[in-house]
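The values are calculated or read from the model by the stated rules, or taken from the named source; none is laboratory data. Keep in mind that this is a model prediction, so the values were computed, not measured. Here Cβ is always computed from backbone atoms with ideal geometry, including for glycine, and neighbour counts include all displayed protein chains. Keep in mind that these areas ignore ligands, DNA and RNA; they rest on the heavy atoms of the full protein, side chains included. Shrake-Rupley method; radii C 1.70, N 1.55, O 1.52, S 1.80 Å.
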Amino acid sequence: MSTNQFTKPATAKVEDNILTIGGCKTTDLAKQYKTPLYVIDEESIRSVCREYQSAFKKYNNKNPNKKLFRPLYASKALCVGALAKIISSEGFGFDTVSMGEIYTLYKAGIDMKTVLFNGNNKTPEELELALKADIGRYSVDNFYEIELLSELTKKYNKKVDVLLRITPGIECHTHDYIKTGQIDSKFGFDLHQVDEAVEKILKNYEYMHIKGIHAHIGSQIFEDKCYYDEIEILVEEISRINKKFGLKLDEMNMGGGLGVKYVKTDKPPAIEEIGNGIISKLEECIEKYGIEPPVIYIEPGRSIISTAGTTLYTIGSMKQVLNGTKYVSVDGGMADNPRPSMYQAAYEADIVTKMNDEKAEKVTIAGRFCESGDILIKDIMLPKIESGDILCVYNTGAYNYSMASNYNSVEKPAMVLVNNSQSDMIINRETLDDLISKQVIPDRLKG
Ligand code: LLP
């Protein structure tokens, strides 16, 4: 089984009825670091990275002189220096969408040549920072950006390699797959705008080198067919642009999106299976459209980091509605995991000290934030719960901390990395002073 098909971290075990992750007792972690606590399992990250590398190994063999498969981790899923170190050591580069992500990677000592900058409204300030940091690729999204990047590359006398972000007319989410000639999207050039974009980039050929094209068709994808349709469109487009403009584009970024198993009914495909399917489709299209095997970038975020993450909470108050729901409240909620309230996302959970106990009670896990919508899990069967129990919610590595807020002026939780029975703090818990550190009281209001 692939790591993205587990509901729990790869190293999750039960010892004496207690959940351990990375060889660490979750009860010890909760005691030492307090809750809420994000726990990240290093082994899960490494194993999923290795699965991607091995699934695409045979594509690399097509040209021993050039690394044809270049995986990038989509930093937006969770951008933390310590984790970037791990992911980079597994041969991944990085997809970034902001100056903050680029800065985090730079400060962590990541090779900036492995960084791609993506996004539909990169600011001049962000592009300047990216130019100074000498990042590897820009995914140029729109005409405004072509102009801006042209100006800035001249100003700083920097040559850059770019991909053209296109909207391929495919949108694929877990249960929803649309393929039309035209998708209403804020990202990238529509197919009918591509030639004009290429012409504009070619005008600034001294500074901007177009290397290939880029697309991203969705997130939490379970269906392999949409990737195959995407490949057909991208390869056809590369071949067409090359012929029309006499170019040799040889890079293709397929975006991210592979799904994970949040709950038992989720059925994401295995990484090896999707890798094999992608390679076969590529081979077919390379032949059909007569191009050299292009460099392939993929940029998974969720499938790299989601399963590695588990959040620990302490259970506090409980409320039984007469003949209705039993609410069990935890010390976190929508500020550390906004996904249930934003997307009605579903999660699995356990009481970490009652792992083998009978699941006898149906409860609703409520967050501590002042909104009725702050419900982490609706109607879950759990063992008999007492205040003080530690609840773990699985699969919280992706888009939890990265979308966390300080709603209700609550400090963001800490994050620890676990591996081989060792735990290391990788993000300190925010303090009350952190919360107010950016606030200013004007002199005239003092006293
Ligand atoms: N590349 C591009 C251009 C993207 O826009 C994204 C995600 C990815 C890669 C990574 O996709 P992934 O492999 O993680 O699915 N906040 C939402 C997810 C938003 C995804 C946005 N783009 C959530 O919590 O489900």
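Observations, loosely collected:
- For the chain: accessible area per residue (Å², 1.4 Å): 44 Å²
- 12 Å beta-carbon shell around Arg46, net charge (K/R +1, D/E -1): -3
- Extension gain for the segment Tyr103 to Glu147, taken as residue separation times 0.36 nm less the Cα-Cα distance, is 13.5 nm to one decimal.
- Across all directions, the shadow cast by the convex hull of the chain built on its C-alpha atoms averages 25.3 square nanometres.
- The distance from the alpha carbon centre of region 362-401 to that of region 1-42 is 16 Å, rounded to a whole number.
- Additional length obtainable on full extension of the chain from Met403 to Met318, 0.36 nm per residue less Cα span: 27.9 nm
- Whole-percent carbon and sulfur share, accessible surface of region 68-305, 1.4 Å: 50 percent
- Net dipole in debye of the chain [+1 Lys, Arg Cβ; -1 Asp, Glu Cβ; about Cα centre; nearest 20]: 520 debye
- The value of relative contact order for region 363-447, using C-alpha pairs under 8 Å at least six residues apart, is 17 percent.
- Of every Cα-Cα pair in region 203-289, the percent that sits beyond 22 Å: 36 percent
- Ser185/Lys132 FRET efficiency (R0 45 Å; Cβ-Cβ; nearest 0.05): 0.90
- Debye intensity ratio I(q)/I(0), log10, region 130-176, q values 0.18 Å⁻¹ (C-alpha model): -0.62
- Sequence-ordered 3J(HN,Hα) estimates for region 200-215 from the Karplus curve with 6.51, -1.76 and 1.60 and θ = phi - 60° stand at 5, 5, 5, 5, 10, 4, 5, 10, 10, 9, 7, 9, x, 10, 9, 8 Hz, glycine and proline given as x.
- Between Gly169 and Ile183, the built amide H atoms are under 5 Å apart, and every one of these is 5 or more places off in sequence or on another chain.
- Candidates Asn408, Asn63, Asn118, ranked by Gaussian network fluctuation over the chain, Cα under 10 Å, top entry: Asn408
- Ellipticity estimate at 222 nm from DSSP helix runs (n ≥ 4, -39,500 (n - 2.57)) divided over the chain, nearest 500: -8500 deg cm²/dmol
- Accessible surface ranking that places the most exposed of Tyr401, Tyr407 first, with a 1.4 angstrom probe: Tyr407, Tyr401
- Cysteines, the chain, no other Cys beta-carbon under 4.7 Å: Cys24, Cys49, Cys79, Cys285, Cys370, Cys392
- Region 70-132 - Kirkwood radius from inverse mean 1/r over Cα pairs (Å): 11.5 Å
- Size estimate for region 67-208 follows the Kirkwood approach: the inverse of mean 1/r over distinct Cα pairs works out to 16.1 Å.
- Short-range pairs are left out: with C-alpha atoms under 8 Å and at least six residues apart, the relative contact order of region 113-262 is 22 percent.
- For region 174-230 versus region 306-334, the inter-centroid distance based on Cα atoms is 41 Å.
- Of Ser306, Ser317, Ser88, the residue with the greatest mean-square motion in the GNM of the chain, using alpha carbon springs below 10 Å, is Ser317.
- Taking amide H positions as modeled 1.01 Å from N, with prolines and chain starts lacking one, the residues under 5 Å from His214 and 5 or more places away or on another chain are Leu164, Arg165, Ile166, Asn253.
- Karplus 3J(HN,Hα) series, Hz, for region 82-89 with 6.51 cos²θ - 1.76 cosθ + 1.60 (x for Gly, Pro): 4, 6, 4, 4, 5, 5, 5, 5
- Each pair of Cα atoms in region 68-305 enters the Kirkwood radius, and Stokes-Einstein at 20 °C and 1.002 mPa s then converts it into a translational diffusion coefficient of 118 µm²/s.
- Computed on the Cα atoms alone, the convex hull of region 333-439 gives a volume of 131 cubic angstrom per residue.
- Cross-link reach list, lysines versus Lys326, counting only Cα pairs under 21 Å and skipping chain neighbours closer than eight places: Lys354, Lys359, Lys362, Lys378, Lys384
- Calculated from backbone phi, Karplus (6.51, -1.76, 1.60) coupling profile of region 430-442 in Hz, x at Gly/Pro: 5, 10, 4, 5, 4, 4, 9, 5, 9, 7, 10, 9, x
- Apolar share of the accessible surface for region 350-439: 45 percent from carbon plus sulfur atoms, 1.4 Å probe.
- Residue with peak Gaussian network fluctuation, the chain [Cα springs, cutoff 10 Å], from Gly316, Gly301, Gly256: Gly316
- Under the simplified labelling scheme, the Asp379-Ile436 pair shows an inter-label distance of 4.5 nm, with each label point 7 Å from Cα along Cα→Cβ.
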